Structures are given as C-alpha cells and as structure tokens.
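**Student:** Quick one: the structure is below, and I'll ask about it shortly.
The values are calculated or read from the model by the stated rules, or taken from the named source; none is laboratory data. The model shown is predicted, which means the values in this text are computed figures rather than measured ones. In this analysis, Cβ positions are derived from the backbone assuming ideal geometry, glycine residues included, and neighbour counts consider all displayed protein chains.
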Amino acid sequence: MFKKILFCTDFSENSHSAFTYALNLAKNYKSKLFILHVTEAYHPETLSSMYLPQERMEELRISKKKELDKELKTHYLRKLKDFKNYEVLFKQGRPFVEIIQMAKIESIDLIVMGTHGTTGLDYVLFGSTADKVVKKSLCPVLTIPHRGRRFKIP
C-alpha cells in the first residue's frame with residue numbers, strides 16, 4: 001500500500017512521537033522510509049550574513065550540520081535497529097515547499113509529520129508547516145498531534 005513514506009522532522013518532542021508512527025508503518029508495509037529535516041536557508045540579505053565573513057558562515061553551517069547529525073543519531077537512527085530500508089535527507093529552504101517537492105521527486109505515498117498546534121497570531125500570519133503540507137500535498141498526509149503517543153499504532 002505505502003511503498004515510500006516520508007517522515008518530516010524538526011527534532012521537536014512531537015516529531016519524535018510522529019517518528020514512531022512512521023517507522024511502524026514502514027515496517028508493517030515494508031516501505032522505504034525517508035527521514036527529512038528542512039532548515040530555513042541562509043540568504044545573503046539576512047542581517048547576520050551581512051556582518052559575517054563567508055568563512056564564518058561556512059563554519060556555522062558545518063557546526064549546524066554536526067548538531068543535526070547528533071540529533072538524528074540520538075532520536076532516530078538508534079530506533080531503526082534492524083530496519084535498513086531508509087534514507088536521511090537534509091534540505092535548506094522553506095519547510096513546506098521542500099517537503100512537497102521531496103514528495104513529488106521521490107513519488108512518496110504517505111507523508112508523516114507532527115503538529116505543534118500553532119495558534120493565535122503566528123497561525124494567522126504564517127499558518128503551520130503541517131497545515132500547508134496537508135493543503136498542498138498530492139499524497140495523503142498523516143499528522144500526529146502533540147499527544148499522539150497515546151494512540152495505538154496501526
């Protein structure tokens with residue numbers, strides 16, 4: 001049913017909960033699991049990059065990559081154990097745009113991601129990444145609410 005599953009993470013506690021669903025679905029359906037983290041791209045016009053030399057920006061990028069690798073190992077790779085059909089991807093850009101593009105490029109059958117319950121002014125101004133993905137995705141999206149760990153995994 002689901003040959004390719006895309007799990008999207010921001011390394012929040014809610015994402016860790018959603019990973020359990022994604023991994024169990026991948027195991028049950030013998031799917032390939034893509035683990036995707038998207039960071040906002042550094043733009044030359046941003047204030048910080050105007051004052052930092054290019055070498056320092058590269059150091060920051062490398063430092064961030066090491067931090068992400070550590071998070072990945074701590075929260076996800078150790079849970080994979082004997083599950084080998086996965087691929088890890090790091091992208092830069094607007095998260096919902098990169099998620100939708102990745103789903104198209106890899107012909108993803110299901111996207112799994114956590115929700116944060118964005119409310120108030122933030123939601124009015126920006127919406128949530130999960131909300132945008134649900135609205136724009138061409139494939140089904142399974143969103144796991146913050147208390148998702150209380151549900152039984154299919």
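**Student:** Is the stretch 128-151 home to any residue that is on the phi > 0 side of the Ramachandran plot and either surrounded by fewer than 12 Cβ atoms within 10 Å (Cβ to Cβ) or modelled with pLDDT under 90 (or both)?
**Tutor:** No: the stretch 128-151 contains no residue that is on the phi > 0 side of the Ramachandran plot and either surrounded by fewer than 12 Cβ atoms within 10 Å (Cβ to Cβ) or modelled with pLDDT under 90 (or both).
**Student:** Tally time: how many residues in the stretch 103-117 are farther than 14 Å from Lys136 by Cα and surrounded by fewer than 15 Cβ atoms within 10 Å (Cβ to Cβ)?
**Tutor:** 3
**Student:** Is there a residue in the stretch 98-116 that is assigned to a helix (DSSP H, G or I), within 23 Å of Phe2 (Cα to Cα) and at pLDDT below 95?
**Tutor:** Scanning the stretch 98-116, I find no residue that is assigned to a helix (DSSP H, G or I), within 23 Å of Phe2 (Cα to Cα) and at pLDDT below 95, so the answer is no.
**Student:** Quick one: count up the residues across the stretch 59-97 that are in contact (Cβ under 8 Å) with a residue 60 or more places away in the chain and assigned to a loop (DSSP other than H, G, I, E, B).
**Tutor:** Residues meeting the conditions: 1.
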